[in-house]
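Please read the structure below before turning to the comments.
Nothing in this text is a laboratory measurement; each read-out follows from the coordinates by a stated rule. Here the structure is a predicted model, which means the values were calculated and not measured. Cβ: placed from backbone, ideal geometry, glycine included. Neighbour counts: every protein chain shown.
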Amino acid sequence: MSMDDRRPGPGGLTHLDADGRPRMVDVGAKADTDRLARAEGFVVLSEEAWRLVAEGRAHKGDVLAIARLAGIQAAKRTADLIPLCHPLPLDGVQVDAEALPADADGPWRVRVEARVHTRWRTGVEMEALTSVTAACLTVYDMVKAVDRGMRIEGIRLLEKRGGRSGHYVAPR
């Protein structure tokens, strides 16, 4: 690998080489450190669909349990889905999914949060975001027969720890 291949590309983008070609960042010289990322997302749905989810009565099964499993599986497969992501040795993936009733904070919705941890040379933000996305898509898939107007929204990184850029917490 030439020195040019390790330099950031145009605009300082690390996934582009000096000539603007896509490349996977070389993290071989970086030290292993503890890495953590948390992400969240929401599925906004009708009251009828929400009740099926909250009460565990959906025709396809326990929506929240299956969404949690989908989120865990997705975190483990992120490098297969997102070009240029490193396959990471994940130490832990926790996915929480809860049915939240309509209130002053929002409409009928399912909130998904993923927490991903590793001790490695690069972060797990993409794994947390992919986990949340897959879990939200699973909720949609399992109740779409009842509510085709559902929306997936608000997918975002809540927190990341570790690495050179340090600790980040999203504003509320």
### Task
Just add up the charged neighbours of Arg119: K/R +1, D/E -1, any other residue whose Cβ is under 13 Å from the Cβ of Arg119.
+1
#### Entry: Per-residue Cβ neighbour rank within 10 angstrom, fewest leading, Ser131, Ser165
Ser165, Ser131
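Going by how many other beta carbons lie within 10 Å of each one, how would you line up Lys76, Lys160, Lys30, fewest first?
The fewest-first ordering by Cβ neighbours comes to Lys30, Lys76, Lys160.
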### Task
Note the per residue figure in Å³ for the convex hull of the C-alpha positions in the chain.
129 Å³
### For Met126, Met24, order by how many other beta-carbon atoms lie within 10 Å, fewest first
Met24, Met126
### Query
Expressed as a rounded percentage, what relative contact order does the chain have, with Cα pairs under 8 Å and six or more residues apart?
32 percent
